[in-house]
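The values are calculated or read from the model by the stated rules, or taken from the named source; none is laboratory data. Since the model is a prediction, treat every value here as computed from it, not as a measurement. All Cβ positions, glycine included, derive from the backbone under ideal geometry; neighbour counts span all protein chains shown.
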Amino acid sequence: MNYELLIEELKKPQYQGISDQAAADLLNALTVTVKRLVPVVEVKQWAIEEAVYASIILGQQSPDEQVKKLCISIVGWIDDVGGRVQNADLDKQAAIDMMQGLVSFRIATQAQIERLKSLRWKTIKWTESVGWSHVEPGHIQSARSMIQNGVA
């Protein structure tokens with residue numbers, strides 16, 4: 001196990017003066033918010049719940065060539081029948097352009113797009129974020145020993 005991240009966390013004030021068991025319990029209960037790729041199924045669910053999906057589908061028939069191209073691209077992305085597109089990187093320029101297009105063509109509001117962007121964030125257990133299944137009091141004891149001995 002890599003103790004580096006555990007040691008850094010244990011140096012924080014909330015872990016000072018508490019038992020190894022209490023520190024382990026705190027760490028096992030701790031959650032963090034991390035950025036992630038968004039499963040495309042969640043993007044489609046967003047579009048349906050925000051009532052923009054129908055407008056995107058209808059937009060494929062728009063006489064406005066730019067609206068038509070945008071909507072065809074989005075449908076191709078979120079309705080990927082072959083399953084090639086599993087996750088969306090909402091920070092990629094193509095995704096940013098699509099989101100801006102939805103707003104500029106009044107298919108979605110900026111508030112709706114902000115809700116879509118919020119899907120990038122997921123709350124997970126701290127232990128999962130550092131690659132550990134859980135923290136035992138023995139781990140705390142070892143990490144504290146490394147801190148005391150100047151190893152960390």
**Item:** Test for Lys122: is it in contact with a Lys or Arg (Cβ under 7 Å, 6 or more places away or on another chain) and charged (D, E, K, R)
**Value:** yes
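Between Trp132, Trp46, Trp126, which is among the hydrophobic types (A, V, I, L, M, F, W, C), in contact with a helix residue (DSSP H, G or I) (Cβ under 7 Å, 6 or more places away or on another chain), surrounded by 13 or more Cβ atoms within 10 Å (Cβ to Cβ) and within 30 Å of Gln14 (Cα to Cα)? Quick ask: steps written out before the conclusion?
On the way: Trp132 fails: in contact with a helix residue (DSSP H, G or I) (Cβ under 7 Å, 6 or more places away or on another chain); Trp46 fails: within 30 Å of Gln14 (Cα to Cα).
On inspection, the qualifying residue turns out to be Trp126.
Tell me, yes or no, whether segment 20-37 has at least one residue that is at positive phi, more than 25 Å from the chain's Cα centre (by Cα), surrounded by fewer than 14 Cβ atoms within 10 Å (Cβ to Cβ) and not assigned by TED's automatic domain parsing to the domain that holds Ala108.
Step one: of segment 20-37, the residues at positive phi are none.
No: segment 20-37 contains no residue that is at positive phi, more than 25 Å from the chain's Cα centre (by Cα), surrounded by fewer than 14 Cβ atoms within 10 Å (Cβ to Cβ) and not assigned by TED's automatic domain parsing to the domain that holds Ala108.
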**Asked** Exactly one of (1) exposed (fewer than 15 other Cβ atoms within 10 Å of the Cβ); (2) in contact with a Gly (Cβ under 9 Å, 6 or more places away or on another chain) is unmet by Ile72. Its number?
**Response** (1)
**Fill in**
Flagged pairs (Cβ under 8 angstrom, 6 or more apart or on separate chains; first in segment 65-82, in a helix (DSSP H, G or I); second charged (D, E, K, R)) are Ile78/Lys44
**segment 49-61 residues that are not assigned by TED's automatic domain parsing to the domain that holds Glu114, paired with ones that are assigned to a helix (DSSP H, G or I) (beta carbon under 9 Å, 6 or more apart)** = none
**Prompt:** Any idea which of (1) hydrophobic (A, V, I, L, M, F, W, C); (2) more than 24 Å from the chain's Cα centre (by Cα); (3) at pLDDT below 95 is the one Ile74 doesn't satisfy?
**Reply:** (2)
**Request:** Have a look at Arg115, Arg106 and point out the one that is more than 18 Å from Leu5 (Cβ to Cβ), under 15 Å from the mean Cα position of the chain (by Cα), modelled with pLDDT of 95 or more and not aromatic (Phe, Trp, Tyr).
**Result:** Arg115
**Complete:** Within segment 101-123, of all residues that are over 19 Å from Cys71 (Cβ atoms) and among the small types (Gly, Ala, Ser), the one surrounded by the most Cβ atoms within 10 Å (Cβ to Cβ) is Ser118
